[in-house]
Amino acid sequence: MKNSCEKKWKPDVERAWQAFCAHAEEEALMPVEEEQKPSLDRTTKRKITTSFVVWSAAILCVLCFGLTSLFWDSLFGGMSKMITIQSMRNNEALVATLPDGSVVLLSDGGELTYPSSFAKSQRKVWLAGEAFFEVVNDQKRTFVVETEYITTEVLGTSFRIRAHSNRPFELTVVNGVVKATLHNEHHEVFVEGGERVQLVANWLQKSYVEDIEPLHRSIRRLFFKDETLGRIIHVLNECAHGAMLLAIEDELLAKRVVTVTLNIENRERIAEILCNALNLEKTIENDVIYLTLK
């Protein structure tokens, strides 16, 4: 009997403890442990910090490069390099084709600086001395010639500028319209074909011109460096002054490139030189010299 009673009334300690804990939690008598957040060791923290700094620096560099490229492009035509050319002889003009296809004839020691590719907003060159420009029309980009005292702006026309340091500024327009702006006085004038502007007593004075000559009368030779035959013939015909004209009818022939110095007064001699240089032949019809392939 004794053994059966002891077995019957033996307390279940584990079960009683679990019941007590459950009751205590229901009555908020025991604090509930918060979920432990994983902590980062020092090495992991250092890696995260380093990655953040690297990515921030990379983003900053990209932004700076983009802004710099935009600023450079608006001023100098992107990452293009600057080119400077100069005519060396007083009676010889240097003929050059600019990146947009415009043609410039430098004479009397003239010096021209321009980018290897123009900006998207404008086409700007810098001139010291004398030059004749034949500008390709581009309604989206003005053509700007900067000189020491005056800025000249055009869209598409032909004109001559004399901007020597020891002589008064002079702008003569063959055709089209040109705007000339005096730097110091902010004075501007619009010059049309057949008109001339001169800088007199620090002011721009406009007058009419009866006989406009693209080049100075002392020019006897034209120097072409790596120019196409088509461009050479075009310039020579512009300077014809009543002499025989030159012509080519083959488009592929017009793209042939040559470096040559030509005397503009003797057209037949010019034709012979070009024929010898490019293996061509000439025929003359009605005061026009035709150049063709042999």
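When Arg160, Arg141, Arg167 are sorted by how many other C-beta atoms sit within 10 angstrom of their C-beta, beginning with the fewest, the order is Arg167, Arg141, Arg160. Working note: Cα gyration tensor of the range 221-293, eigenvalues times five, square-rooted, sorted largest first, giving semi-axes of 16, 15, 11 Å.
With contacts taken as Cα pairs under 8 Å at a separation of at least 6 residues, the range 82-208 carries a relative contact order of 15 percent.
Bear in mind that the values in this text are calculations on the coordinates, not laboratory data. What you are looking at is a predicted structure, and each value in this text was computed from that prediction instead of being measured. With ideal geometry, Cβ positions are generated from the backbone for all residues, glycine too; neighbour counts draw on all protein chains shown.
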